[in-house]
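Have a look at the structure below before the remarks.
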Amino acid sequence: MKRFLIISILCFFIYIPSAMASHYDLSDIDIVPEAVVTKLAQDKIDNTEELFALLMSAKGRDDFAKKYGMEKEAVDELAHKLELMQIVGIGPKAAQLLRLAGIDSLKTLTESQPEVLLDVLLRVNREHAITGVQPDLTVVRDWINRSKRIANHLE
């Protein structure tokens, strides 16, 4: 029993956190207009994790748009990118690439076929030149598998 408990604890610390991304400092990435980053910093919101927490609900997105002077559509797009960025390996550029490839949520990513998604990602990246580091099939499969373990979804 003691051995089972130790193994369970190790699995929790190894398996669960691996699904979640490190969070970016908002001042280090170009995902929110600079003026909004400044206002967010005044409200002690400094990283993508804190920002995503504000944007998870439709009401939160509406309130955010009003308070920070952003268009509702831009706030919705931001929320979708941040939802995808919860996955290790998906940063701002990969999230943008996924969005342009038609991945509008973690649920959509979870339901994707890796080979099909990779083909679309490569085509979209050729058309829009989002990133110089293109994903491969192993990475896309990993994103899909990790998406199945994320609990925080947009409402």
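A few comments on the model shown:
- Residue pairs whose Cβ atoms lie under 6 Å apart, sitting 6 or more positions apart in sequence or on different chains, and linking a residue in region 133-155 that is farther than 15 Å from LEU97 by Cα to a partner that is outside any loop (DSSP other than H, G, I, E, B) and of a type in the set (Asp, Glu), are LEU154/GLU83.
- Flag for HIS80 being of a type outside the set (Ser, Thr, Tyr), within 12 Å of the chain's Cα centre (by Cα) and assigned to a loop (DSSP other than H, G, I, E, B): no
- Residue match in region 51-70 (condition: outside any helix (DSSP H, G or I) and without any contact (Cβ under 8 Å) to a residue 60 or more places away in the chain): yes
- Within region 47-72, restricting attention to residues that are surrounded by 17 or more Cβ atoms within 10 Å (Cβ to Cβ) and of a type in the set (D, E, K, R), the residue that is nearest to HIS23 (Cα to Cα) is GLU49.
- Taking each residue of region 95-120 that is touching a residue at least 24 places away in the same chain (Cβ under 8 Å) and looking for partners that are in a helix (DSSP H, G or I) and among the hydroxyl-bearing types (Ser, Thr, Tyr) with beta-carbon atoms closer than 7 Å, six or more apart or interchain, yields LEU106/SER147; LEU109/SER147; THR110/SER147.
- Residue check, VAL75 in contact with a Pro (Cβ under 7 Å, 6 or more places away or on another chain), in a helix (DSSP H, G or I) and surrounded by 21 or more Cβ atoms within 10 Å (Cβ to Cβ): no
- Qualifying positions in region 121-131 - surrounded by 11 or more Cβ atoms within 10 Å (Cβ to Cβ), hydrophobic (A, V, I, L, M, F, W, C) and free of Cβ contacts under 8 Å to residues at least 24 places away in the same chain: LEU122
Every number here is computed from the coordinates shown, using simple stated rules; none is lab data. Since this is a predicted model, take the numbers as computed values, not measurements. Cβ atoms come from the backbone with ideal geometry, glycine included; neighbour counts cover every protein chain shown.
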